[in-house]
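Engineer: Have a look at the structure that comes next, please.
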Amino acid sequence: HLAVIEAAEPSIKAFLKVSGDVALEQADAFDAKSADEKAALPELAGVPIAIKDMIVTKGIETTAASKILEGWVPPYDATVIEKLKAAGMPILGKTNLDEFAQGSSTEHSAYQTTHNPWDTERVPGGSGGGSASAVAAFEAPLALGTDTGGSIRQPGSLTGTVGVKPTYGGVSRFGAIAMASSLDQIGPVSRTVLDSALLQEIIGGHDERDSTSIPEGPRPMAAAAREGLRRDLTGLKVGLVKELGGEGFQPGVQARFNEAVELLKAMGAEVTEVSCPHFPYALGAYYIIMPSEVSSNLARYDGMRYGLRVMPPEGVPQTAANMMAYTREAGFGDEVKRRIILGTYALSAGYYDAWYGSAQKVRTLIINDFKAAFDQVDVLVSPTSPTTAFKFGEKMNDPLTMYLNDVATIPANMAGVPAMSIPAGLSDDGLPVGFQFFAPQQRDEVMYKPAAALE
Ligand code: GLN
């Protein structure tokens with residue numbers, strides 16, 4: 001994989017940092033184990049993995065693709081990294097993303113633009129475009145991402161890879177750099193559904209260092225994926241989300257989605273249409289709740305605790321407040337500043353009830369939509385993204401069009417339910433299309449079976 005990385009990186013630019021020495025050391029340590037020790041490890045032992053640079057890695061620079069964290073070498077590992085190390089999985093390096101995971105194209109990285117291996121003139125999606133491209137270009141067999149509004153699933157859709165957002169609280173967020181804490185979740189990126197299942201079993205489970213971690217072990221996801229590979233879905237109730245599809249969705253995306261639904265039926269699934277009437281409001285509510293949490297979480301980058309510090313120029317009073325202002329002005333990119341300003345406004349006195357309070361009510365309605373839907377069906381399905389991969393620059397000057405790419409992924413984060421995107425063939429433009437499954441909270445295995453059956 002290190003050789004593939006070397007060959008592919010000039011045209012793909014998925015990695016911010018390749019940790020070849022660390023990976024080889026970890027691989028040697030795995031090789032040195034006895035047969036018994038190896039047998040006691042999970043099935044993915046010895047398989048290398050790439051990590052989104054939103055997850056902290058002890059001794060390996062971690063920047064969240066922001067200038068404000070440039071040069072920061074974490075003194076500790078995220079829980080998921082500890083678990084990968086214990087499982088004998090070497091770490092290939094840190095992958096590119098939109099700064100602080102804010103974006104849908106990876107163009108908001110402060111360092112570089114990642115290219116989609118299917119067409120290097122196009123974006124890989126975002127924010128986890130680095131992890132998705134690394135897996136799609138065979139630079140890494142597996143990767144980790146973070147998903148706040150779709151940042152694992154939408155890049156999965158645009159690069160033809162599998163991407164999973166586990167149940168909120170199913171995978172520890174300890175050591176995941178916070179974007180919007182009530183929505184953030186770490187999850188797998190892979191080329192097959194079974195690989196994601198095996199990886200989620202390794203990284204999942206209770207962690208007392210994350211107060212929102214669910215006090216329960218990982219679900220039997222690999223067994224469900226293996227069962228799915230028998231391609232018998234008799235009795236499975238599948239609901240098509242009426243509100244996610246049709247208008248605004250590229251015809252080629254809708255066509256591949258419809259064909260995949262026919263395949264589910266052919267394997268014995270009972271398919272009906274289900275209405276989730278409040279989903280059309282999810283995007284609007286997300287763009288109030290998410291920036292509010294961003295404005296609070298990113299207050300910690302104050303020039304004192306981590307990374308960059310910019311002192312005011314001569315003639316400007318050398319106060320802490322000025323140092324903070326100059327550091328943040330230089331260290332944050334435009335999109336991050338836009339969200340901090342939006343969030344600060346939404347939370348300010350006099351506006352709080354009108355904006356944040358209303359958005360939270362919408363969030364409850366979305367949770368109730370999912371509950372009502374899962375009273376009728378086992379899994380819900382939709383296209384993952386309304387479009388295939390778009391060209392560089394196409395949506396950069398129009399944040400609202402960029403935001404619309406996440407209409408179908410955001411409802412899962414708002415409700416904390418698990419969801420995943422799997423490849424569903426190529427659209428008329430020759431680019432990958434993603435098919436999305438949603439399952440009830442803490443029932444992640446329920447989506448793994450039909451996903452494996454369909455792939
Ligand atoms: N694209 C979405 C956003 O810009 C989702 C980001 C994410 O999931 N981290 O907020």
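Values quoted throughout were computed directly from the atomic coordinates according to the rules given, and no laboratory measurement underlies them. If you're wondering where the values come from, they're calculated on a predicted model, not measured in any experiment. FYI the Cβ positions are ideal-geometry reconstructions off the backbone, even for glycines, and counts take in every protein chain you see.
Engineer: Filter the cross-link list Lys83/Lys361; Lys85/Lys371; Lys33/Lys94; Lys85/Lys337; Lys83/Lys165; Lys94/Lys395 down to pairs whose alpha-carbon distance in this structure exceeds 28 Å.
Structural biologist: Lys83/Lys361; Lys85/Lys371; Lys85/Lys337
Engineer: Right, next: Sorted by packing (mean other beta-carbon atoms within 10 Å per residue), highest first, where do 444-451, 50-57 land?
Structural biologist: 50-57, 444-451
Engineer: Rg to Rh for region 130-176: what is it, with Cα atoms only and Rh by Kirkwood?
Structural biologist: Result for region 130-176 is an Rg/Rh of 0.98.
Engineer: Let me ask you something else. Determine the relative contact order of region 149-303: mean sequence separation of Cα pairs under 8 Å and six or more apart, normalised by residue count, in whole percent.
Structural biologist: The normalised contact order for region 149-303 reaches 21 percent.
Engineer: Taking region 89-138 on its own, what percent of its Cα-Cα pair distances exceed 13 Å?
Structural biologist: Pairs farther apart than 13 Å: 50 percent.
Engineer: If you don't mind, another one. Rounded, prolate or oblate: which fits region 178-291 when a ≥ b ≥ c are the square roots of the eigenvalues of the alpha-carbon gyration tensor, with rounded for a/c under 1.5 and prolate only if a/b beats b/c?
Structural biologist: The shape class here is oblate.
Engineer: Relative contact order (percent) for the chain, with alpha-carbon contacts under 8 angstrom and 6 or more residues of separation?
Structural biologist: Rounded, it is 19 percent for the chain.
Engineer: Mind jotting down the distance between the C-alpha centroids of region 9-60 and region 157-220, whole Å?
Structural biologist: 18
Engineer: Right, another one. Would you mind classifying region 119-200 by shape? Square roots of the alpha carbon gyration tensor eigenvalues, ordered a ≥ b ≥ c; an a/c under 1.5 is rounded, otherwise it is prolate if a/b is larger than b/c and oblate if not.
Structural biologist: oblate
Engineer: Give the shape of region 328-455 as rounded, prolate or oblate, defined through the alpha-carbon gyration tensor: a ≥ b ≥ c are the square roots of its eigenvalues, a/c under 1.5 means rounded, and otherwise the shape is prolate if a/b is larger than b/c and oblate if not.
Structural biologist: oblate
Engineer: Averaged over every viewing direction, what's the projected area of the C-alpha convex hull for the chain? Give it in nm², one decimal, please.
Structural biologist: The Cα convex hull of the chain, projected and averaged over all directions, gives 21.9 nm².
Engineer: Of the peptides 373-385, 161-173, how do they stack up when ordered by the mean number of other Cβ atoms within 10 Å, highest first?
Structural biologist: Descending mean neighbour count gives 161-173, 373-385.
Engineer: Run the helix sum for the chain: -39,500 (n - 2.57) per DSSP H stretch of 4+ residues, divided by residue count, reported at 222 nm to the nearest 500 deg cm²/dmol.
Structural biologist: When only DSSP H runs of four or more count, the value is -11000 deg cm²/dmol.
Engineer: Let me ask something else about it. At a temperature of 10 °C and a viscosity of 1.306 mPa s, determine how fast region 244-403 diffuses translationally according to Stokes-Einstein, using the Kirkwood radius over alpha-carbon pairs as Rh; express D in µm²/s, rounded to the nearest whole number.
Structural biologist: Value of D from the Cα-based Kirkwood radius: 81 µm²/s.
Engineer: Could you name the lysines in cross-link range of Lys265, using Cα to Cα under 19 Å and dropping any fewer than eight places away on the same chain?
Structural biologist: Excluding near neighbours in sequence, the set is Lys237, Lys242, Lys449.
Engineer: Pop out the Kirkwood hydrodynamic radius of region 2-48 from its pairwise C-alpha distances, inverse of mean 1/r, in Å to one decimal.
Structural biologist: 12.4
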